[in-house]
Amino acid sequence: MSTLAETIERVKKLLALTTSSNAGEAANAAAAADKLIEKYRLSQYDLEDSPPPEEAIEQDEGYIYESGRVTIWRKKLIHTLTRHYGVAYWNDITHSPTGRQISRYRMVGRKSDMSIVSYMNAYLVLECERLSNLEAKGTGMGRVFVASYQEGFVDGVSSQLQVSRAEIKKEANSTAMVHIESRFAEAEAGMYNLVPNLKTSKSYSYRRHNGQAYGLGKQRGSSIHLGSAMAASSGTKLLSG
């Protein structure tokens, strides 16, 4: 069985191919990358008499997303992927000397799970931006159309992951499933230990929405190959700076 480092290195090389101008090559690279991720995660608990060494819960050294003004689809994508791969996250809000608010989304969990989220997030951000440039921005329909397309794309990805969870439950042994599904609860508990004074964030404020663009984006997000993987519950957390 490959080590985590070897698996992640192979995933990085495959995801690098998604920038290819050849759409088929990019799609095949993404599919192959996710298959490697799935194989690595499931193989950790396949043999009950030989469990893997337990990884410590830690906070990622960097951040997965930084912005002065949080883009809704980027936030939803982080929420979707962390929930799917058993990672907790929180918004580290600070203010510049001029009073400008800066959000930095930081992850807490096992290093292997956070690495997977980082690489899949990087790929899906590129794909969402590439597809929205082709099918939304070029239409001249405006910002609302583009934003709705991008949110639909993320919700399409989310719906596909829910189907994957149901499929993998039929294939995985019960011990493997229990271990994988407990990862978020353990990551969340570790987050509250490592980062005190966390508060639940506010829900999204009202914004304009284009149903046609949302539906098109969701169709694209639902059709991207992600393979079968695990899922767990998650929530967005906020720490005021």
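The values are calculated or read from the model by the stated rules, or taken from the named source; none is laboratory data. Keep in mind that this is a model prediction, so the values were computed, not measured. Ideal geometry is used to build each Cβ from the backbone, glycine not excepted, and the neighbour counts take in all protein chains shown.
How many residues does the range 93-136 hold that are of a type in the set (A, V, I, L, M) and assigned to a helix (DSSP H, G or I)? I'd like the intermediate steps shown before the answer.
As a first pass, look at the range 93-136 and keep what is of a type in the set (A, V, I, L, M): 93, 102, 107-108, 114, 116-117, 120, 122, 124-126, 131, 134, 136.
If we keep only those that are assigned to a helix (DSSP H, G or I) too, we end up with 114, 116-117, 120, 122, 124-126, 131, 134.
Going through the range 93-136 one residue at a time, the tally reaches 10.
If you take the residues of the range 101-117 that are in contact (Cβ under 8 Å) with a residue 60 or more places away in the chain and hydroxyl-bearing (Ser, Thr, Tyr), which of them is surrounded by the fewest Cβ atoms within 10 Å (Cβ to Cβ)?
Looking at residues that are in contact (Cβ under 8 Å) with a residue 60 or more places away in the chain and hydroxyl-bearing (Ser, Thr, Tyr), I get Ser112.
Check whether at least one residue in the range 62-72 is assigned to a helix (DSSP H, G or I) and over 22 Å from Glu186 (Cα atoms), and report yes or no.
Taking the range 62-72 and keeping what is assigned to a helix (DSSP H, G or I), we get 72.
When the remaining residues are screened for being over 22 Å from Glu186 (Cα atoms), the result is 72.
Checking the range 62-72: at least one residue is assigned to a helix (DSSP H, G or I) and over 22 Å from Glu186 (Cα atoms).
From the list Ile37, Ile64, exactly one residue is among the hydrophobic types (A, V, I, L, M, F, W, C) and modelled with pLDDT of 90 or more. Which is it? Reasoning before the result, please.
On the way: Ile37 fails: modelled with pLDDT of 90 or more.
That would be Ile64, the only listed residue that is among the hydrophobic types (A, V, I, L, M, F, W, C) and modelled with pLDDT of 90 or more.
Given the options Glu58, Glu54, Glu127, name the one that is more than 27 Å from Lys218 (Cβ to Cβ) and either within 14 Å of the chain's Cα centre (by Cα) or free of Cβ contacts under 8 Å to residues at least 60 places away in the same chain (or both).
Working: Glu58 fails: either within 14 Å of the chain's Cα centre (by Cα) or free of Cβ contacts under 8 Å to residues at least 60 places away in the same chain (or both); Glu127 fails: more than 27 Å from Lys218 (Cβ to Cβ).
Exactly one residue qualifies, and that residue is Glu54.
Condition first: in contact with a Ser or Thr (Cβ under 6 Å, 6 or more places away or on another chain) and under 28 Å from Lys218 (Cβ atoms). Now tell me which residues in the range 92-116 satisfy that. So that I can check it myself, show each step before the final result.
Quick first cut of the range 92-116, residues in contact with a Ser or Thr (Cβ under 6 Å, 6 or more places away or on another chain) only: 93, 102-103.
If the condition is that a residue be in contact with a Ser or Thr (Cβ under 6 Å, 6 or more places away or on another chain) and under 28 Å from Lys218 (Cβ atoms), then Ser103 is the only one that fits.
Would you point out the residue of the range 61-100, among those that are over 12 Å from Val154 (Cβ atoms) and aliphatic (A, V, I, L, M), that is surrounded by the most Cβ atoms within 10 Å (Cβ to Cβ)?
Looking at the filtered set, the residue picked out is Ala88.
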